[in-house]
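The values are calculated or read from the model by the stated rules, or taken from the named source; none is laboratory data. Model, not experiment: these values are computed from the prediction. Quick reminder, even Gly has a Cβ in these numbers, built from the backbone with ideal geometry, and neighbours come from all protein chains shown.
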Amino acid sequence: MGAPLAAYHYGVSALPLITFLAFAACAVTFIGARGIESNPMPNMAISMLGIVWIGIMGAYGAALTALESFNTAKADLARVPVPLAQLARVPTFTTKRTFCRGCDNRCSVGARAFEGGGGFFTGRKC
């Protein structure tokens, strides 16, 4: 289950780490086996086959789904006409220093208020 989620959120570059961690977990069970009677090697081989076949193939499927979603969103954004003057305009905003009320840490944050009515907070640590 971890490989498809890692591929969807972090991309295909996370797969070698997931595969290594799965192999390490299987190796620990192989080393910790009570004896050869418990057949640790075939169990490790079957576990790794399941991880590689199901996990990695599912991860590539998740990565392809994420790529398709990204390309669809990118194509949708390309269809919205935006005047060049609007893109070149730098928004004006005011910044006020305050403290975050989201937890007991009372982190220092910058509250930015844009002229169009939107807002944005910077510097949150919690």
* Find all pairs meeting these conditions: Cβ atoms under 7 angstrom apart; at least six residues apart or on different chains; first residue within segment 1-23 and buried (at least 17 other Cβ atoms within 10 Å of the Cβ); second residue modelled with pLDDT of 70 or more and among the acidic types (Asp, Glu). => none
* Inter-residue pairs, beta-carbon under 8 Å, first closer than 13 Å to Phe120 by Cβ and in segment 86-107, second loosely packed, with under 10 Cβ neighbours inside 10 Å and of a type outside the set (D, E, K, R), 6+ apart -> Pro91/Gly116
* Structure fact -> Only one of Leu15, Leu5, Leu87 is of a type outside the set (Lys, Arg), within 30 Å of Gly116 (Cβ to Cβ) and modelled with pLDDT under 75, namely Leu87
* Can you tell me how many residues in segment 26-44 are exposed (fewer than 13 other Cβ atoms within 10 Å of the Cβ) and aliphatic (A, V, I, L, M)? -> 4
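Here's the yes/no breakdown for (1) at pLDDT 75 or above; (2) assigned to a helix (DSSP H, G or I); (3) surrounded by 12 or more Cβ atoms within 10 Å (Cβ to Cβ); (4) within 22 Å of the chain's Cα centre (by Cα):
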site	(1), (2), (3), (4)
Ala63	yes, yes, yes, yes
Leu67	yes, yes, yes, yes
Phe70	yes, yes, no, yes
Lys74	no, yes, no, yes
Ala78	no, yes, no, no
Thr94	yes, no, no, no
Asn105	yes, no, no, no
Val109	yes, no, yes, no
Lys125	no, no, no, yes
